[in-house]
1. Which of the residues spanning the range 40-55 are in contact (Cβ under 8 Å) with a residue 24 or more places away in the chain and near the ligand (Cβ under 9 Å from one of its atoms)?
2. Taking the conditions exactly as written (in contact with a strand residue (DSSP E or B) (Cβ under 6 Å, 6 or more places away or on another chain) and acidic (Asp, Glu)), does Glu31 satisfy them or not?
3. Within the range 136-174, work out how many residues are part of a helix (DSSP H, G or I), crowded, with 17+ Cβ neighbours inside 10 Å and not small (Gly, Ala, Ser).
4. In the range 40-80, how many residues are at negative phi, buried (at least 17 other Cβ atoms within 10 Å of the Cβ) and assigned to a loop (DSSP other than H, G, I, E, B)?
5. Please go through (1) at pLDDT 95 or above; (2) in contact with a helix residue (DSSP H, G or I) (Cβ under 8 Å, 6 or more places away or on another chain) for Pro216 and return the number of the only condition it doesn't satisfy.
6. Out of all the residues in the range 209-224, which are open to solvent by 30 Å² or more (accessible area, probe 1.4 Å), of a type outside the set (D, E, K, R) and either under 14 Å from Leu123 (Cβ atoms) or without any contact (Cβ under 8 Å) to a residue 12 or more places away in the chain (or both)?
7. Considering only residues of the range 16-39 that are touching a helix residue (DSSP H, G or I) at 6+ places or on another chain (Cβ under 9 Å), open to solvent by 20 Å² or more (accessible area, probe 1.4 Å) and of a type in the set (Lys, Arg), which is farthest from the ligand (Cβ to nearest atom)?
8. Taking Ile199 as the residue in question, decide whether it is open to solvent by less than 80 Å² (accessible area, probe 1.4 Å), touching a Lys or Arg at 6+ places or on another chain (Cβ under 7 Å) and in contact (Cβ under 8 Å) with a residue 12 or more places away in the chain.
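The values are calculated or read from the model by the stated rules, or taken from the named source; none is laboratory data. Just so it is clear, the model here is predicted, and its values are computed rather than measured. Positions of Cβ are backbone-derived with ideal geometry, glycine not excepted, and every protein chain shown enters the neighbour counts. Keep in mind that these areas ignore ligands, DNA and RNA; they rest on the heavy atoms of the full protein, side chains included. Shrake-Rupley method; radii C 1.70, N 1.55, O 1.52, S 1.80 Å.
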Amino acid sequence: MPDTPPIVLRYFDARGRAQFIRHYLNARGFEYSEERVPVGLPFREWQAMKGDRARAGPFHKLPVLHWGETTVAETLVINSYLHRVTGDEAALSEQDNLRHAMLFSCLLIDMMNPIGMLIWADLALPGVDATAYARAALARIGANLDILEKTLAEWRWRESAAARRVMLADCLLWEELDLVQHVFGEHARLENRPTLARIHREAPGRDAFLAGLARPAAVTGRGLASEAEILPKIRAAVAG
Ligand SMILES: N[C@@H](CCC(=O)N[C@@H](CS)C(=O)NCC(=O)O)C(=O)O
């Protein structure tokens, strides 16, 4: 168990922007506690907490990570902070650190954000053509998967990951590969993307990742019940 100050992770009771952090802390054996804010409209608990800057952080949004006395907000910044304080940054070459940062940014901005927006689309964009939106989202995400397939093969990501400890970019990569299949089902299988398929199947942290997901978890703040209705609609839309 690494020697660290008390760690608290605060996020909604969903995978969203925090699951990769949970994967990381679990896979690396960090002791931490969590505050999971209940999800689902009208978000009463969150509305009561949102103005409390000690808990909701400087921008009144989650995730927020407390590392001892240090409070860190913003997903990208939590990633770079953890990468540094855990010694991962020092363990990698400059080129590998750049690759980790580039991959993390791509996964966050081009995978996690559009998946979340798609799940919220009918509520966030009243009057949206949900079918066209879902198809366009899958086309963009599918194209991004094809590029990841090429780049991660070229970088020999799977081989390098197998030879070092689990790092945050590995956790976010596995999480997004898992989510894309969870959301789009058979329409986003990895069979034709062998590098990504092997990373998803053989990632060194996989057992810890799966153990952390043993309890069914919503992808977003819509919550499990609402997603149980919306995800089949998304799959039907992209099937047509
Ligand atoms: N730029 C922030 C965005 C954080 C964010 O939008 N969090 C959402 C949950 S995924 C949130 O706290 N929503 C509640 C609200 O805005 O009231 C980050 O990257 O962490």
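1. If the condition is that a residue be in contact (Cβ under 8 Å) with a residue 24 or more places away in the chain and near the ligand (Cβ under 9 Å from one of its atoms), then Phe43, Trp46 are the ones that fit.
2. Answer is no for this residue.
3. The total comes to 15.
4. Counting residues in the range 40-80 that are at negative phi, buried (at least 17 other Cβ atoms within 10 Å of the Cβ) and assigned to a loop (DSSP other than H, G, I, E, B) gives 2.
5. Here Pro216 clears every test but (1).
6. Within the range 209-224, Leu210, Ala214, Pro216, Leu224 qualify.
7. The qualifying residue farthest from the ligand (Cβ to nearest atom) is Arg28.
8. Considered against the rule, which asks whether it is open to solvent by less than 80 Å² (accessible area, probe 1.4 Å), touching a Lys or Arg at 6+ places or on another chain (Cβ under 7 Å) and in contact (Cβ under 8 Å) with a residue 12 or more places away in the chain, Ile199 comes out as yes.
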